[in-house]
Amino acid sequence: MHEAMVAENIVESILSQVPSKKGKVIRVVISCGQMNAINDEAMEFAFEAAAEGTICKGAKLKIKHIPLKAVCKNCGKKFNYDLYEPQCPKCGKSDVEIGEDAPLLLEEIEFEE
Ligand SMILES: [Zn+2]
C-alpha cells in the first residue's frame, strides 16, 4: 500500500526533526502533487497507524493537493492542468506543455508545549 509507506516516512521525518522527542504533535500538514496523488482517507488512516506509539499519536493530518501547472503551446495561457480535461481553457487546444509535478512535502508540524 502506497499510503502506508508514505505515512511511515512522514512520521519518521517528524521524529527526526524533534530534538527532544518530548511534547506532542497536534497537527501535520503535507502537500503532494497530482502524479503521486494520495487518497486522503487512506492516508489519514495510514498516518494514524504509523503514529501509534509515537509523539504523533492523535495528530491531525492535513493534505494539500498542489495542482499541476501547464502552458498552452498555442496561445501561451498558463493554467492548472486537469487530468480529466487536458485542454487549454482559453483556446481549447490540447497541445500543452506540462510543468513539473509537486513533490510530496512535509510542510508544517505543530506542537503542543
Ligand atoms: Zn491555448
From the list ALA37, ALA50, exactly one residue is under 20 Å from the mean Cα position of the chain (by Cα), crowded, with 17+ Cβ neighbours inside 10 Å and within 25 Å of ILE109 (Cα to Cα). Which is it? ALA50
Matching residues, the range 87-109, being in a strand (DSSP E or B), charged (D, E, K, R) and either surrounded by 13 or more Cβ atoms within 10 Å (Cβ to Cβ) or under 14 Å from the mean Cα position of the chain (by Cα) (or both): GLU107, GLU108
Residues located in the range 40-67, provided they are hydrophobic (A, V, I, L, M, F, W, C) and either within 16 Å of the ligand (Cβ to nearest atom) or assigned to a loop (DSSP other than H, G, I, E, B) (or both): ILE55, CYS56, ALA59, ILE66
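In the range 21-34, which residues are among the basic types (Lys, Arg) and surrounded by 13 or more Cβ atoms within 10 Å (Cβ to Cβ)?
Listed by number, the residues that qualify are LYS24, ARG27.
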LYS93 passes all but one of the listed conditions (1) modelled with pLDDT under 95; (2) of a type outside the set (A, V, I, L, M); (3) touching a strand residue (DSSP E or B) at 6+ places or on another chain (Cβ under 8 Å); the exception is number (1)
The range 68-93: number of residues that are among the small types (Gly, Ala, Ser) and either near the ligand (Cβ under 8 Å from one of its atoms) or in contact with a Cys (Cβ under 7 Å, 6 or more places away or on another chain) (or both): 2
Residues of the range 26-47 being out of contact with any helix residue (DSSP H, G or I) (no Cβ under 7 Å at 6 or more places or on another chain) and free of Cβ contacts under 8 Å to residues at least 40 places away in the same chain, which ones? ALA37, ASP40, GLU41, GLU44
Can you pull out every residue in the range 66-86 that is surrounded by 13 or more Cβ atoms within 10 Å (Cβ to Cβ) and under 17 Å from the mean Cα position of the chain (by Cα)? ILE66, PRO67, LEU68, LYS69, TYR81, ASP82
List pairs: first residue in the range 84-96 and under 19 Å from MET35 (Cβ atoms), second residue more than 7 Å from the ligand (Cβ to nearest atom) and basic (Lys, Arg) anywhere in the structure, Cβ distance under 7 angstrom, at least six positions apart or on different chains. VAL96/LYS73
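The values are calculated or read from the model by the stated rules, or taken from the named source; none is laboratory data. Note that the structure is a prediction, hence the values are computed from the model and not measured. Backbone-built Cβ (ideal geometry, glycine too); neighbour counts: all protein chains shown.
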